[in-house]
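S.K.: Before I ask anything, here is the structure I am working with.
The values are calculated or read from the model by the stated rules, or taken from the named source; none is laboratory data. This is a predicted model, so every value here is computed, not measured. Positions of Cβ are generated from backbone atoms using ideal geometry, with glycine treated the same way; all protein chains shown enter the neighbour counts. Keep in mind that these areas ignore ligands, DNA and RNA; they rest on the heavy atoms of the full protein, side chains included. Shrake-Rupley method; radii C 1.70, N 1.55, O 1.52, S 1.80 Å.
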Amino acid sequence: MNHLSGKITTALVVLGITTLVSQLVLFRELLNIFQGNELIIGLMLSLWMLFTALGSVWGSHFRKTDNQLQWLSRMLVSASIIPVFSITILYIVDALLFPPGTAKGILTVLLYCLVIFSPIGLLSGSLFTHFSFLLSEQSANNRISIAYGWETAGSMIAGVLFSLVLSYLFNAFQIMSLVIVLNLLAARWLNSRQIHNRLKSATINIAWVIPLALLIICPADRWAKALMFQNQEIIYTHDTPLGNVTVTKTEGQYNLYEQGKLVFATQNPQMAEEVVHYTLLQHPRP
């Protein structure tokens, strides 16, 4: 394996990590807004695969250019940035169009998924085809299966990290910030020979570090959730592997939401009376 082939395989692993983490994060945020079930999950999976396949077809029209590595490195970074904007736009649009707690119909879910999944799906599918072509060109042989293996390895790494670490310790914006950093490093490695102006490169790196650090430190996730729970004070919000849990306060009343759905609220005598088991109350040791 020559030097360029090593760069391409590294980029494929990073692409696999980026694609799967983006998918998991976006799915989790969409389920939080849609109060989703198996039908919604199936719809999201099918549209994700559809746009990825269309992106692969789009990438098959790849033509070699002198600055192809530079363009591919930019596309790789863009693939990691898009989910951050998608999540932000998702909560803003939802706050503008729907009152809190509104259950969305299947057509609304379909439209949301089309808008959210199309950019990342088309871009990731196209990148896989580009890298497969480049890897095959370096070996003067068909290496698509090898490229698929490296990309799958990245997806496996992402799945393990997300399930055991990321989903427990970080929110959506923090996770995607870490993915952006990984893609910036991979893009610099992929495009290292074409970097001539070191001062310009250092300036760009600093320009990236500042907003990423702010995105990790600042409570961006809480701000996004605040759009979803208007006129309510968010006391606690946390993403878990099983879904989002949020506690809000409204004029002394505490509300517990799971996946965007109201599960329990204090100061609700009617609900309390409905769950009382009067027969057991008569027993000294129920």
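S.K.: Per residue, how much accessible area does segment 1-61 have with a 1.4 Å probe, in Å²? Each step should come with its number before you reach the end.
M.R.: On the way: 2370 Å² over 61 residues.
For segment 1-61, the solvent-accessible area averages 39 Å² per residue.
S.K.: Just by accessible area at a 1.4 angstrom probe, what is the order of Ile120, Ile106, Ile41 from largest to smallest? Show your work: numbers first, answer last.
M.R.: Details: Ile120 0, Ile106 85, Ile41 65 Å².
Ranked from most to least accessible, the order is Ile106, Ile41, Ile120.
S.K.: In segment 208-286, what percent of the accessible surface is made up of carbon and sulfur (1.4 Å probe, ligands and nucleic acids excluded)? Intermediate values should be presented prior to the final figure.
M.R.: Values: 3490 of 5580 Å².
In segment 208-286, the share of accessible area belonging to carbon and sulfur is 62 percent.
S.K.: Lysine pairs in the chain with alpha-carbon atoms under 22 Å apart, 8 or more places apart or on different chains: how many are there? Intermediate values should be presented prior to the final figure.
M.R.: Details: Lys7/Lys64; Lys104/Lys225; Lys104/Lys261; Lys225/Lys249; Lys225/Lys261; Lys249/Lys261.
Close lysine pairs found across the chain: 6.
S.K.: Moving on to the next point. As a test of understanding, state the convex hull volume per residue of segment 75-127 from its alpha carbons, in Å³. Could the numbers behind the result be given before it?
M.R.: Values: hull volume 3.6 nm³, N = 53.
Roughly 67 Å³ of hull volume per residue.
S.K.: Further question: Arrange the residues Cys218, Cys113 by how much accessible surface each exposes, largest first, with a 1.4 angstrom probe. Before the final figure, lay out each step's value.
M.R.: Values: Cys218 45, Cys113 0 Å².
Most to least solvent-accessible, the answer reads Cys218, Cys113.
S.K.: To the nearest µm²/s, what D does Stokes-Einstein give for segment 1-137 at 10 °C and 1.306 mPa s, using the Kirkwood radius over alpha carbon pairs as Rh?
M.R.: Roughly 99 µm²/s, to the nearest whole number.
S.K.: Something else: Over segment 103-148, what per residue volume does the convex hull of the Cα atoms give, in whole Å³? Each step should come with its number before you reach the end.
M.R.: Working: hull volume 3.2 nm³, N = 46.
Hull volume normalised by residue count: 70 Å³.
S.K.: What are the extents of the Cα atoms of the chain along their three principal axes, listed from largest to smallest and rounded to whole Å?
M.R.: That works out to 82, 40, 39 Å along the principal axes.
S.K.: What does the accessible area of Leu122 come to, in Å² to the nearest 10, when a probe of 1.4 Å is used?
M.R.: 60 Å²
S.K.: Largest first and in whole Å, give the semi-axes of segment 48-97's equivalent ellipsoid, each being the square root of 5 times a Cα gyration tensor eigenvalue.
M.R.: 29, 15, 7
S.K.: Loop by DSSP (not H, G, I, E, B), at most 15 other beta-carbon atoms within 10 Å: where is the longest site-free stretch of the chain for trypsin sites (Lys or Arg not before Pro)?
M.R.: On the way: sites that count: Arg63, Lys64.
With trypsin sites (Lys or Arg not before Pro) excluded where exposed in loops, the chain gives 65-286 as its longest stretch.
S.K.: With +1 on each Lys and Arg Cβ and -1 on each Asp and Glu Cβ, and nothing else charged, work out how big the dipole of the chain is about its Cα centre, in Debye to the nearest 20. Each step should come with its number before you reach the end.
M.R.: Details: 16 positive and 13 negative charges, 220 e Å.
The dipole of the chain has a size of about 1060 debye.
S.K.: Please quote Rg/Rh for segment 140-185 to two decimal places, taking the Kirkwood radius as Rh and restricting both calculations to Cα atoms.
M.R.: 1.13
S.K.: Let me ask something else about it. What is the percent of Cα-Cα separations in segment 221-286 that go past 19 Å?
M.R.: Numbers: 957 of 2145 pairs.
Every Cα pair in segment 221-286 considered, those over 19 Å come to 45 percent.
S.K.: Using Cα pairs under 8 angstrom and six or more residues apart, how large is the relative contact order of segment 1-117, in percent? Please report the intermediate quantities before stating the final value.
M.R.: Working: 30 pairs, mean separation 51.6, N = 117.
Relative contact order for segment 1-117 comes out at 44 percent.
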